[in-house]
Structures are given as C-alpha cells and as structure tokens.
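Here the structure is laid out as structure tokens; the discussion comes afterwards.
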Amino acid sequence: MSKKTWILIGLALALAAVYAVFFAHWFKPGTINIYHVTRPSGYAMQTRRNGPAPPITFNLQGDYNLTEIKAVPLAAWQADPNARPAWHLVSDSTSVPVESFVYGESIRGMKPAVPGAQALPLEPNVTYRLFVAAGKTRGQHDFKVSGSVPETK
C-alpha cells in the first residue's frame, strides 16, 4: 500500500475514535433516571420510617441491580459531603433487579451500610437528595415531602 493509503486509513481511524469518545458516549457511565411519587396520608397508612411525612415511592426508568441507595438531607450534604445519611443501603452481593422502591423499606439483596441501622423518619418540607448506584451507572434525585408535623399536647 502507498503512503497516501496509510494516511487515509489513519485519518479514518482517528475520526472513528473521536466519534466514539465524544458523540457515541460509549465510554461514559450510564445515568439512572429517577422520579418519585408521594401518596397522600389518606391513601396509605403512615409508617414509622416515614414519620409525619406521607410515604414516598421512587421509580427508576428501567430495572437495575442496585449496589447502593443513600438519602441525605440536601443542606447537610452541601455543607459536608460525608454527612450522615437518613437512609443508606448497600448490596451484600447481588441485589434483585428493581424498578421502584419505597423509602425505608428493605430491598432483597441489600443491607444497611451500618449494621442494624434503620431509615430515619423523613421531615416534612426538608429537601433530600437520593443517590442510587448500579455498578458504574449512577443517578441522583432531589425530593421534598410535604406535610405537617403533628402537634404535641
């Protein structure tokens, strides 16, 4: 082959590499899209883990074998990324594929990051950030539950 042919082949390979890296996103980790649904207090019985706030369900766009779930008060996390989470689960080996989960509930194949820890009750009108991971694929979602704290007498 001539020198011109080798240059054209090299140029074609360089353009293919540029396309793969910058336009095809083949080497970027995926993103998990998350949204939440809050059930009114009359719809479902309030649980201890949700406290005065109504139950909240998180939905993922697709099934994922989650390796970590963490919910942290946003203000605390912005002040200190190592802030104590309100809820933190990690996979002990292989979790089952999930498309949705309820705050504070156990997920098969996952356990609390701190043995024996339970989800803290969600406080109304406080913004939280939910972090989820499925291997290298990650997602985050800010949420706030509305409601009022019951009056104490």
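Any read-out appearing in this document is the output of simple, stated calculations on the displayed coordinates, not a laboratory observation. Just so it is clear, the model here is predicted, and its values are computed rather than measured. Here Cβ is always computed from backbone atoms with ideal geometry, including for glycine, and neighbour counts include all displayed protein chains.
Observations on the structure shown:
- Per-pair calculated FRET efficiency, R0 = 25 Å: Gln118 and Thr31 via Cβ, rounded to 0.05: 0.30
- Label-reachable residues, the range 1-15, where backbone N falls under 12 Å from a point 7 Å from Phe22's Cα toward its Cβ: 15
- Footprinting exposure proxy for Phe22, Phe143 (fewest neighbouring C-beta atoms within 10 Å first): Phe22, Phe143
- Backbone amide hydrogens, once placed in the peptide plane, bring Ala113 within less than 5 Å of His88, Leu89, Val90, excluding anything fewer than 5 places away on its chain.
- Furthest towards positive pole of dipole, Pro121, Val98, Ile32, structure part the range 31-144, Cβ charges: Pro121
- Electrostatic dipole magnitude of the range 31-144 [Cβ: Lys, Arg +1; Asp, Glu -1; Cα centre; debye, to 20]: 120 debye
- Restricting attention to the range 31-144, close to 95% of DSSP beta bridges with both partner residues there are antiparallel.
- For Arg129, Arg138, order by how many other beta-carbon atoms lie within 10 Å, fewest first: Arg138, Arg129
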